[in-house]
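Bear in mind that the values in this text are calculations on the coordinates, not laboratory data. This structure is a prediction, so every number in the text was calculated from the model and none was measured. Cβ placement follows ideal geometry from the backbone for every residue including glycine, while neighbour counts extend to all protein chains displayed.
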Amino acid sequence: MPVEECSPAIVLRTRDYSESDRIVTLLTLYAGKLGGIAKGAKQSRRRFERKLEVFSHVMVYFKRRPHGELVFITRAEAGDLPPFDLTDDLGKIAIGSYMVELADALSREEAESAGAYRILAASLGAVARHGASRALRQAFELNLLRWAGYQLEFQRCQICARAPAENATSFVFIPSHGGIVCQHCRAGQTDTFVGLSAPSVAALAQLNSMPVEAASGAQGAGRDAEAALARFMATILDRKLRSVDFLHRFM
Ligand SMILES: [Zn+2]
């Protein structure tokens, strides 16, 4: 008999499977990203003390199946995990939806994902407490990209490694180089780029070294930075995120 395992987890996606069952995708602290089936999830308040819906923060109990991709989810409890209450504000729902979709897109099943779980938990907690902000969105993107192996660079030219001149007023971000490139090195580059203002580069450099918990009160970078990060993500993701258009209505 498979043993029961448990882990803190955040629900990324759900779909109804039958009258009473639900299939859920979870980002867990100890077991990576998991797909599971929760029998009776829509009826049993006893076994599913905390509902399995997107954004739910649960202590999930499950058993692996010998020949199945989906685990059996036996229980979901609140434990001492803080809930992420985003439902009082559409802007919170929009940024939260974007965060879970990006975390889903950058993580794989069967792979370690404790870092992604921690970043997502801290970010959804900050959204619930402080609301949506551009700085929080950008800090989340930069932290999650770093976790996924993409360390973007905004302090030095990615080609000559020099820090930009003090009086530089404009920069270019080249997605294929994963960071800014100085005006000197830019000559001769044919890869696509996005122009960035000096204040946006300074804000991105700061957000890039900041935990998401600290970002709510920080200065966000401008629309140019949003375009640069979006362009970079388009080069590594195989699809457009559905939540982006919804998010654009709020920020
Ligand atoms: Zn350079």
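So here's what we get for this one:
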{"item": "Arg249-Asp85 FRET efficiency (beta carbon distance; Förster radius 22 Å; 0.05 resolution)", "result": "0.55"}
{"item": "Cβ-based net charge around Gly179, under 15 Å, with every Lys or Arg adding one and every Asp or Glu removing one", "result": "+1"}
{"item": "Computed [θ] at 222 nm, deg cm²/dmol, the chain (DSSP H ≥ 4; -39,500 (n - 2.57); rounded to nearest 500)", "result": "-10000 deg cm²/dmol"}
{"item": "Summed residue charge, Cβ within 14 Å of Tyr117's Cβ, Lys/Arg positive, Asp/Glu negative", "result": "0"}
{"item": "Net charge, Met251 excluded, C-beta distance under 13 Å - Lys, Arg +1, Asp, Glu -1", "result": "+1"}
{"item": "Neighbour-limited loop hits for GluC sites (Glu not before Pro), the stretch 126-222 (at most 14 other Cβ within 10 Å; DSSP other than H, G, I, E, B)", "result": "Glu166"}
{"item": "Sequence-distant aspartates and glutamates (8 or more away, or on other chains) whose Cα lies within less than 17 Å of Lys39", "result": "Glu4, Glu5, Asp16, Glu19, Asp21, Glu49, Glu53, Glu69, Glu77"}
{"item": "Approximate spin-label separation Ser176-Arg108, in nm, with each point projected 7 Å along Cα-to-Cβ", "result": "2.4 nm"}
{"item": "Full-stretch length increase - Tyr150, Met210 - with 0.36 nm per residue and alpha-carbon distance subtracted", "result": "20.0 nm"}
{"item": "Label-point gap, in nm, between Leu237 and Ser18 - each point 7 angstrom along Cα→Cβ", "result": "3.5 nm"}
{"item": "Gain upon complete extension [Ala161, Phe72; 0.36 nm per residue less C-alpha separation]", "result": "27.0 nm"}
{"item": "Flagged links, alpha-carbon separation over 22 Å, of Lys51/Lys92; Lys42/Lys63; Lys42/Lys92; Lys33/Lys63", "result": "Lys42/Lys92"}
{"item": "In the stretch 148-221, trypsin sites (Lys or Arg not before Pro) in a DSSP loop with at most 11 other beta-carbon atoms within 10 Å", "result": "Arg162"}
{"item": "FRET efficiency, 1/(1 + (r/R0)^6) with R0 25 Å, evaluated for Gln219 and Gln189 via beta carbons", "result": "0.30"}
{"item": "The stretch 9-20 - phi-based ³J(HN,Hα) in whole Hz, Karplus 6.51/-1.76/1.60, Gly and Pro as x", "result": "8, 10, 7, 9, 8, 9, 8, 6, 10, 8, 3, 10"}
{"item": "Likely footprinting exposure, His177, His57, fewest C-beta neighbours within 10 Å first", "result": "His177, His57"}
{"item": "Calculated Rg and Dmax of the chain using C-alpha coordinates, Å", "result": "20.2, 67"}
{"item": "The stretch 4-77: C-alpha gyration tensor shape, a/c 1.5 cut-off, then a/b vs b/c", "result": "rounded"}
{"item": "Within a Gaussian network of the chain (alpha carbon springs, distance under 10 Å), most fluctuating of Glu226, Glu109, Glu69", "result": "Glu69"}
